[in-house]
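I have placed the structure first, in the form of structure tokens, so that the comments after it can refer back to it.
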Amino acid sequence: PTNVTFNALGADLPQLAATALGFAPEETLTWAEDGAWEVARNMLSFDVLWNTVRVKGGAYGVGFTKDVYRDACFSSFRDPRIDETFVRFAEAAQWLENLDAAPEDLESYIISTVSTFDAPVKPRRLIHAQISNFLLGRSPDLRLRRREQALATTPEKLRALGKGLSLMMDGMHSCTIGSADIIAAATTPTEVHTLVSTQNN
């Protein structure tokens, strides 16, 4: 019983890239784990999505996340809008595809992104990361390689990522959690499942 929702739009990037972009299997993982995605994540979350979904749209929070290998996801929370937010997600991918950033702005985003790679880590967290990487079969060099790729990010690389993201939007999976009334009022196609009933028995 609330007038806000939680929205998400995401996909397994290598899987979707193989079909939507026609990448060969060996190409998809290289493309999906490129460190430039970290810069793209930073720019999408704190530039276009922040302004359109949070400031103008009234959501409490919004962002774009991308894990090391596979999953990418747009999300908003405590969001009074559904249809408009999913439109803004698609527009964010187009914004990245047509990126025209000033050199100093791009440099600022790169610096703030690389700082996350260089942040001090407590021994317990470091050991946890090393165990996870070992169990997942990740190369010890992956973090350094992605850091170097983030440092070498160019507008052309970001536009290429944006183009790929735009081509994959139709194949992504969406989910909205909220009250039945606000979901029913949206025009975004949905398959509705009742998780909690607030009706008196």
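Quick notes on this one:
- Proximal lysines to Lys163, defined as alpha-carbon separation beneath 27 angstrom and excluding residues fewer than eight positions away on the same chain: Lys56, Lys66
- Burial ranking of peptide ranges 183-191, 143-151 (average Cβ count within 10 Å, highest at the top): 143-151, 183-191
- Computed over the chain, the percent of Cα pairs more than 19 Å apart is 64.
- Calculated [θ] (222 nm, deg cm²/dmol) that DSSP helices of n ≥ 4 give over the chain, each run adding -39,500 (n - 2.57): -14500 deg cm²/dmol
- For the chain, the solvent-accessible area of protein heavy atoms averages 60 Å² per residue (probe radius 1.4 Å; ligands and nucleic acids excluded).
- With N counted as the residues of segment 1-83, its alpha-carbon radius of gyration over 2.2 N^0.38 Å works out to 1.25.
- Taking label points 7 Å from Cα along the Cα-to-Cβ direction, Asn98 and Ala119 give a separation of 3.3 nm.
- The distance between label points at Asn3 and Arg143 comes to 4.6 nm (points 7 Å beyond Cα on the Cα→Cβ vector).
- Placed amide H near Asp71: partners under 5 Å, 5+ positions off or other chain: Leu13
- Amide proton proximity set for Thr5, modelled H, under 5 Å, gap of 5+: Arg78, Asp79, Arg81
- Considering only Ala160, Ala93, Ala180, the Gaussian network model of the chain with Cα springs below 10 Å gives its largest mean-square fluctuation to Ala180.
- Segment 95-172 - percent of accessible surface contributed by carbon and sulfur, probe 1.4 Å: 57
- The convex hull built on the alpha-carbon positions of segment 75-177 has an orientation-averaged projected area of 9.3 nm².
- When only alpha carbons of segment 86-136 are considered, Rg and Dmax amount to 17.1, 43 Å.
- Take 134-142, 24-32, 82-90 and order them by the average number of nearby Cβ atoms within 10 Å per residue, most first; the result is 82-90, 24-32, 134-142.
The values are calculated or read from the model by the stated rules, or taken from the named source; none is laboratory data. Please read all numbers here as calculations on a predicted model, not as lab measurements. Note that we place each Cβ from the backbone using ideal geometry, even for glycine, and neighbour counts take in every protein chain shown. Note: areas computed on protein heavy atoms with side chains; ligands, DNA, RNA excluded. Shrake-Rupley method; radii C 1.70, N 1.55, O 1.52, S 1.80 Å.
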